[in-house]
Every structure is written in structure tokens, then in C-alpha cells.
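**Q** This is the structure I want to talk about, given as C-alpha cells.
The values are calculated or read from the model by the stated rules, or taken from the named source; none is laboratory data. Bear in mind that the values here come from a model prediction, so they are computed numbers and not experimental data. Please note: Cβ atoms are built from the backbone with ideal geometry, for glycine as well, and neighbour counts cover all protein chains shown.
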Amino acid sequence: MNFSGALIYLVSTLTDLYVCAILLRLLLQWVRADFYNPLSQFLIKITDPVLVPARRIIPSIGKLDTASVVVMLLLELLQLVVISLLSKTDYGFQFLLLFAIQKLLIILLLTYFVLIIARVLISWLAAQSRHPLIPLIYQLTDPVLRPFGRLVPPLGGVDLSPLFALIALRFLLLLLGW
């Protein structure tokens, strides 16, 4: 029986899901998305227990919600410490910190990769749908796709900016070793 492997999987999955929730909330704040959207409200409710106390201690820097970034980094770091203890592998703190930062960057890039693919699929299959997730996907992806849209104008009515954004995201993921 591989109890430590199962426990590592459980710790990793739960931590990564919560980090993704905090990241999505941070990104929604960054793009000034509709916080009355039911999905935004869900993210607020599940992240407030950790972020509200953290914001009392860690002030924002300009428009950046520094508390969210610090909490995500600490959660990833804690996850890596637990995993190294469970796997009985001794990594130095500096390695764990760098790996936690790398993992956060990978999660950010993968989040945008999935959001852009979702946006493309929505434009093909459910353009007229009124699901509350659709406006959030558009609000989150617009700032990333806009520069690509300026570089590559639509050709024959086809917007190629998502394709080039996905290529750029995949390139960055490869640079990060994923």
C-alpha cells in the first residue's frame, strides 16, 4: 500500500485547487470583472477566509493585491515542504522557494491556456449562451489577446490572435520546464 503517495496526491490536488481559486480571484480583480457574477461570488466566498486576514497584514502595492500573491506563494511552499517530508527527500529552502515560484508561474500560464481554449470553443459552439461563466472568460482573456490582435489582424473574418497567444503561452511553459 502506497499511503504516502496517495497523501502526496491529496495534498497537491487540494492545494493546487485552492491556489487556482485565489489566482482566478486575483485575475478577476486585475481585469475589474463583474464581482456580482455568481462565479465571482463563489471565488470570493471560498478565498475570503484566508485573504481577508492576510490583507490586514500585507498591504497592496499599487493595483497588485500583494496579499493574494504572498498567500499563493506560501501555500505552494507549504505544499512542497509537506511533499518533501512525506517523500523523505531533503530539499533546501532556496530550492523549494524557487520551485514554488516556478509552479505559480506555470499555474498562471496554464490557466490562461485553458481560458483561451475555452473562449475559442465558446465562440464556435455557444456564442449565444447566457451562462455566467462566459463573460468572465472574455473579461479574463481580453487583456492577453488584445496585443496579439493588434499584431495579427483578422484574416478573412478569422481571428488568429488566440492561436498566436496559445503558441506564446506554450513557448513560455516550455521555458519553465513544463
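**Q** Of the conditions (1) under 22 Å from Tyr112 (Cβ atoms); (2) in a helix (DSSP H, G or I); (3) not small (Gly, Ala, Ser), Asp34 clears all except one; give me its number.
**A** (2)
**Q** Do the conditions hold for Val69, that is, is it surrounded by fewer than 15 Cβ atoms within 10 Å (Cβ to Cβ) and within 13 Å of the chain's Cα centre (by Cα)?
**A** No; evaluated as a whole, the condition is false for this residue.
**Q** Across the stretch 129-169, which residue is nearest to Ile107 (Cα to Cα) among those that are exposed (fewer than 14 other Cβ atoms within 10 Å of the Cβ) and among the charged types (D, E, K, R)?
**A** So the residue we want is Asp142.
**Q** Just to check your reading of the model, which residue among Leu23, Leu39 is out of contact with any Asp or Glu (no Cβ under 9 Å at 6 or more places or on another chain), modelled with pLDDT under 95, buried (at least 16 other Cβ atoms within 10 Å of the Cβ) and part of a helix (DSSP H, G or I)?
**A** Leu39
**Q** Yes or no: Tyr36 farther than 24 Å from Pro143 by Cβ and hydroxyl-bearing (Ser, Thr, Tyr)?
**A** No.
**Q** To continue, here is another question. Here are some residues: Thr47, Thr111. Which one is under 23 Å from Val11 (Cβ atoms), touching a Lys or Arg at 6+ places or on another chain (Cβ under 7 Å) and part of a helix (DSSP H, G or I)?
**A** Details: Thr111 fails: touching a Lys or Arg at 6+ places or on another chain (Cβ under 7 Å).
On inspection, the qualifying residue turns out to be Thr47.
**Q** Let me confirm something: among Tyr91, Tyr112, which residue is touching a helix residue (DSSP H, G or I) at 6+ places or on another chain (Cβ under 8 Å) and surrounded by fewer than 16 Cβ atoms within 10 Å (Cβ to Cβ)?
**A** Tyr91
**Q** Here are some residues: Tyr36, Tyr91. Which one is within 24 Å of Pro135 (Cα to Cα) and over 19 Å from the mean Cα position of the chain (by Cα)?
**A** Tyr36
**Q** Would you check if Val50 is in contact (Cβ under 8 Å) with a residue 60 or more places away in the chain, among the β-branched types (Val, Ile, Thr) and more than 18 Å from Thr111 (Cα to Cα)?
**A** Details: in contact (Cβ under 8 Å) with a residue 60 or more places away in the chain: no; among the β-branched types (Val, Ile, Thr): yes; more than 18 Å from Thr111 (Cα to Cα): yes.
Answer is no for this residue.
**Q** Continuing with the same structure: Report, by residue number, each residue of the stretch 53-69 that is charged (D, E, K, R) and in contact (Cβ under 8 Å) with a residue 24 or more places away in the chain.
**A** Here is the first cut: in the stretch 53-69, the ones charged (D, E, K, R) are 55-56, 63, 65.
Lys63, Asp65, listed by residue number.
**Q** Still on this model: Would you check if Asp48 is acidic (Asp, Glu), more than 14 Å from the chain's Cα centre (by Cα) and at pLDDT below 95?
**A** Judged against the criteria, Asp48 is not a match.
**Q** Which one of Arg130, Arg146 is more than 24 Å from Asp16 (Cα to Cα), of a type in the set (Lys, Arg) and part of a loop (DSSP other than H, G, I, E, B)?
**A** Arg130
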